[in-house]
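Input: a single structure, listed below in structure tokens.
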Amino acid sequence: MKQLVAPSLLSADFGNLRPQMEMINRSECDWLHIDIMDGVFVPNISFGFPVLKYVAELCRKPLDVHLMIVQPEKFLNEVKALGAYSMNVHVEACTHLHRVVQQIKEAGMKAGVTLNPATPVSALVDIIGDVDIVMLMAVNPGFGGQKFIPHTLDKVCALRKLIDESGSGALIEVDGGVNHDTGRRLVDAGTDVLVAGSAVFRAADPLEEIRFLKNL
């Protein structure tokens, strides 16, 4: 199976949102990745649900919603109302992670969990059998366009080992600093889903960039 590609809405041109979403719809991408930030869990604020409702109406790709916020479970109904395919929450933001994962699945969405760069893969040992997606942050969350953290490749290998040994069917997703070089290395290490923001939306030909990442 080819890896999945999920362009990140955070890098889109919001002054031209409709044509940007039309490009996404025409592209070979698999998901649209949406980063929701609250200025508390991460030092930035992105966009809220009124804007995302408009995005959901325009986009025909499955929505991969990543909540970089405290108490993400409080917004489960809003994420579900978008028609989201998946809801991804941070291990570091959930006191009762297992309960949140259960609530996401009961709402009919794929359940994802995310690890910050300094959080070890071992934090997932007791939850890996219950999740559909594990996302590794290859940059510190909060801003687009950051430099890839090389240690992420070791984490992908460790996570692949944990998934295989546990019998989990979870997909490995990586967000941050994905380009031609890092994308190739991530795929070789066992990554299933590449989240690409600047690489796609700032490319001279975004459709070709998505096609390239799909065929690494």
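Quick notes on this one:
- Among the residues making up region 84-99, those that are surrounded by 15 or more Cβ atoms within 10 Å (Cβ to Cβ) and touching a residue at least 24 places away in the same chain (Cβ under 8 Å) are A84, Y85, S86, M87, N88, V89, H90, V91, E92, A93, L97.
- Restricting attention to region 19-52, the residues that are at pLDDT below 95 and over 23 Å from G176 (Cβ atoms) add up to 2.
- Of all positions in region 100-112, at least one carries a residue that is within 17 Å of the chain's Cα centre (by Cα), in contact (Cβ under 8 Å) with a residue 60 or more places away in the chain and surrounded by 21 or more Cβ atoms within 10 Å (Cβ to Cβ).
- All conditions but one from (1) in contact with a strand residue (DSSP E or B) (Cβ under 6 Å, 6 or more places away or on another chain); (2) in contact (Cβ under 8 Å) with a residue 40 or more places away in the chain apply to I36; the one that does not is (2).
- Cross-chain or 6+ apart pairs with Cβ under 8 Å, region 118-133 first and within 23 Å of A6 (Cβ to Cβ) and of a type in the set (A, V, I, L, M), then modelled with pLDDT of 95 or more and exposed (fewer than 13 other Cβ atoms within 10 Å of the Cβ): I127/H98
- Complete set of residues in region 175-216 that are among the acidic types (D, E) and over 16 Å from V156 (Cβ atoms): D205, E208, E209
- Taking (1) in contact (Cβ under 8 Å) with a residue 40 or more places away in the chain; (2) closer than 24 Å to V40 by Cβ in turn, K155 satisfies each apart from (2).
- Matching residues, region 9-50, being out of contact with any helix residue (DSSP H, G or I) (no Cβ under 7 Å at 6 or more places or on another chain), within 18 Å of G142 (Cβ to Cβ) and β-branched (V, I, T): I36, V40, V42, I45
- Residue tally, condition within 22 Å of D188 (Cβ to Cβ), surrounded by fewer than 16 Cβ atoms within 10 Å (Cβ to Cβ) and not basic (K, R), over region 121-154: 3
- Residue within region 122-140 that is at pLDDT 95 or above and at positive phi present: no
The values are calculated or read from the model by the stated rules, or taken from the named source; none is laboratory data. Because the structure is a prediction, the values reported are computed rather than measured. Because the Cβ atoms are built from the backbone with ideal geometry, glycine has one as well, and the counts that use them run over all protein chains shown.
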